[in-house]
Amino acid sequence: MSEDKLKSQNRIVYREFGNDPSEALERPVPELPPNQQNIRIQATRAGRKGKTVTLISGFKNKQENLINLLKQLKTQCGTGGTLKENEIEIQGDHKQKILEILLKLGYKAKISGV
């Protein structure tokens, strides 16, 4: 496509909510204290080319808090990790270590899966 066609396709005629529509459509995340959250920890290899990762799910926190928790878990486990859709992924099988860390922080956590 030519540049003129690309420009005409991206041209906005009217927008009610300012420059970023995602802010208006974003749903609030309920912030629960750690002792009211049911956290599940499991190790899996599905869809990761045979590499094991530890998945931690069930969080009801804001994104900033999850980023801080991710950083702390990565430091404690000495490995890499990421945050995807309110689910923390830590590289390697660290179920027991992560369970201990989360229990010390006050979360209701348990290991699920086989």
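With the convex hull constructed from alpha-carbon coordinates only, the stretch 69-114 shows a mean projected area of 3.3 nm² over all directions. Give the carbon-plus-sulfur fraction of the accessible surface of the stretch 34-111 in %, rounded to a whole number; probe 1.4 Å, heavy atoms of protein chains only. Here it works out to 44 percent.
Averaged over its residues, the stretch 34-111 has an accessible area of 60 Å² per residue, based on protein heavy atoms and a 1.4 Å probe. With a simple spin-label model that places each label point 7 Å from the Cα along the Cα-to-Cβ direction, the separation between residue 105 and residue 93 comes to 2.3 nm. Per-residue surface analysis assigns residue 60 an accessible area of about 90 Å², computed on protein heavy atoms at 1.4 Å probe radius. Excluding same-chain residues fewer than 8 positions from residue 97, which lysines have a Cα within less than 23 Å of its Cα? Cross-link targets: 51, 60, 71, 74, 84, 108, 110. Within the stretch 34-111, the proportion of Cα pairs with more than 18 Å between them is 31 percent.
The values are calculated or read from the model by the stated rules, or taken from the named source; none is laboratory data. Only a predicted model underlies this, so the values are computations on that prediction, with no experimental measurement involved. Glycine gets a Cβ as well: all are built from the backbone with ideal geometry, and neighbour counts include every protein chain shown. Remember, those area values only see protein heavy atoms, side chains included, never the ligands or the DNA or RNA. Shrake-Rupley method; radii C 1.70, N 1.55, O 1.52, S 1.80 Å.
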